[in-house]
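Reviewing the structure listed below.
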Amino acid sequence: MSELRNPWQLLYRVYRHVQPVLEREFAAWYKRAQAIPNPELRKQAQDSMNSKKFHCQGGCVYAAQVIPHVETIVPLIVAYQTISDYLDNLCDRSTSLDPQDFRQLHMSMQDALTPGAPLRDYYLYREDKDDGGFLAGLVQTCQQHVAQLPAYEKIQAKILEFSCLYSDLQVYKHIAPQLREDHLLTWWDQYKERYHDLHWQEFAAVTGSTIGIFALFCLATDPDVGEEQIQTVSEAYFPWLCGLHILLDYLIDLEEDKMGGDLNFVSYYDSERIATERLQLFIKQAKASAKRLPNPAFHRMIVDGLVAFYLADRKVNRSQPHIYTIARQLLKQAKGLPSVLFYVNSLLVRR
């Protein structure tokens, strides 16, 4: 991995090398989504790609570390994140509340990370089935690209661990509203001793991020990567950087989710003050963790970029005082030129 030292260098690489590949891959998958025969599956695929493209854009920033591998890493991240966003729509906005269905759908995410794994009937437990090979194509694309990563065998177990936790969360948070909290708390009981610094809803938020997987994809481009490096990156992302990522996402959706009756992990804090303090802790710990990573300046810019990107959202405004007050405190913590630059760039991307 080549070292990135400043935000100008990062943005140059993103727009010069990463963005063209991202746009090409995203457009190709969008065209396939438009051709899905089943109208419900076609709608959810297109809706997810229309509303969540910024997930692919954010994920592909990781490829700026490994420009010689951009034709492997960017198609891999776009395909994997497209699976994630498509399944999220199928579970959240489609026709089922069946945890067995959700579990079957999400097996595609582990198959995608396992070269040579046979395809399954991912739609086994739902009526809408004919996607014209859309999901299978995404899975096979991921399999082809992870197989090209020189050190993938060294990191595969950790990536699968993160992927399985992600899938667990998607199952538990999308079941019937009266059941989901009990299932999430029972799930947390298995991990609370290991992650004793976290609240239960923070652990759930951590598992909902894919950026730890993307960081490990990039690490796997180095054939000489060692176990210590893999562990250091894993522990930095899970919980701190991944947690920051998803808690910020929930923060900006706080009022919207409250009105819609949707699950929101930030809403479980007892007060605005505690929510602010916990998010500030995640920023502090993420920055401290970034210093210990290979290419530390890049990962520090990821922290600044996450804060800037989410807090540049249209929903962060004076008409939503709870969100606005917390956001102002967090932006103070992510100060300096990188944050200002990423904030301005995020305004252009998100607005």
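The values are calculated or read from the model by the stated rules, or taken from the named source; none is laboratory data. Note that this is a predicted model, so its numbers are computed, not measured. Note that each Cβ is placed from the backbone with ideal geometry, even for glycine, and that neighbours are counted across all protein chains shown. Note: accessible area is taken over every heavy atom of the protein model, side chains too, but ligands, DNA and RNA are not part of it. Shrake-Rupley method; radii C 1.70, N 1.55, O 1.52, S 1.80 Å.
Quotient of the Cα radius of gyration of the range 62-196 and 2.2 N^0.38 Å, N being its number of residues: 1.13.
Just the number please: accessible area per residue for the chain, 1.4 Å probe, all protein chains included, in Å².
Working: 14840 Å² over 351 residues.
Accessible area per residue, the chain: 42 Å².
Could you please state, rounded to a whole Å, how far the C-alpha centre of the range 220-252 is from the C-alpha centre of the range 139-190? Centre-to-centre (Cα) distance: 14 Å. With R₀ fixed at 45 Å, the C-beta to C-beta distance from Glu227 to Glu272 puts the FRET efficiency at about 0.60.
Modelled spin-label separation between Ala176 and Gln19, with each label point placed 7 Å from Cα along the Cα-to-Cβ direction: 4.9 nm.
May I ask for the longest run of the chain untouched by GluC sites (Glu not before Pro) that are loop-located per DSSP and have at most 12 neighbouring C-beta atoms (other than their own) within 10 Å? Show your work: numbers first, answer last.
On the way: sites that count: Glu3, Glu127, Glu193.
Here the longest segment lacking exposed loop sites spans 194-351.
Residue by residue, the range 280-287 carries 3J(HN,Hα) couplings of 5, 5, 5, 5, 4, 5, 5, 5 Hz when phi is fed to the Karplus relation 6.51 cos²θ - 1.76 cosθ + 1.60 (θ = phi - 60°); x denotes Gly or Pro.
Here are some pairs, Lys31/Lys53; Lys258/Lys291; Lys31/Lys52; which of them have Cα atoms lying more than 25 Å apart in this structure? Could the numbers behind the result be given before it?
Details: Lys31/Lys53 14 Å; Lys258/Lys291 37 Å; Lys31/Lys52 16 Å.
Beyond 25 Å: Lys258/Lys291.
Quick note on the chain: its Rg to Rh ratio, both from C-alpha atoms and Rh being the Kirkwood radius, is 0.93.
With the helix formula -39500 (n - 2.57) applied to DSSP H stretches of n ≥ 4, the chain reaches a computed 222 nm mean residue ellipticity of -21000 deg cm²/dmol.
Considering only Leu105, Leu281, Leu135, the mean-square fluctuation computed in a Gaussian network model of the chain, springs between alpha carbons under 10 angstrom, is largest for Leu281. I need to check one value: relative contact order of the chain, counting alpha carbon pairs closer than 8 Å and at least 6 residues apart, in percent. Result for the chain is 16 percent.
How big, in percent, is the set of alpha carbon pairs in the range 1-105 lying more than 21 Å apart? Show your work: numbers first, answer last.
On the way: 2277 of 5460 pairs.
Roughly 42 percent, once rounded to a whole number.
Each residue of the range 258-265 is assigned a 3J(HN,Hα), and the resulting list reads 4, 5, x, x, 8, 5, 9, 5 Hz, derived from the Karplus form 6.51 cos²θ - 1.76 cosθ + 1.60 (θ = phi - 60°), x at Gly and Pro. Ligands, DNA and RNA aside, Thr141 has an accessible area near 20 Å² when probed at 1.4 Å. Only protein heavy atoms count here; under a 1.4 Å probe, Arg103 has an accessible surface of about 80 Å².
Cβ-Cβ distance of Leu119 and His183, R₀ of 22 Å, FRET efficiency by 1/(1 + (r/R0)^6): the value works out to about 0.20.
Surface composition of the chain: carbon plus sulfur atoms contribute 51% of the solvent-accessible area (1.4 Å probe, protein chains only, all chains present).
I'd like the distance between the alpha-carbon centres of the range 85-138 and the range 196-212, rounded to an integer number of Å. That distance is 23 Å. The phi-based Karplus calculation (6.51 cos²θ - 1.76 cosθ + 1.60; θ = phi - 60°) puts the 3J(HN,Hα) values of the range 100-107 at 5, 5, 4, 5, 5, 4, 7, 4 Hz, whole numbers, x for Gly and Pro. Counting every pair of alpha carbons in the range 93-140, the share spaced more than 18 Å apart comes to 27 percent.
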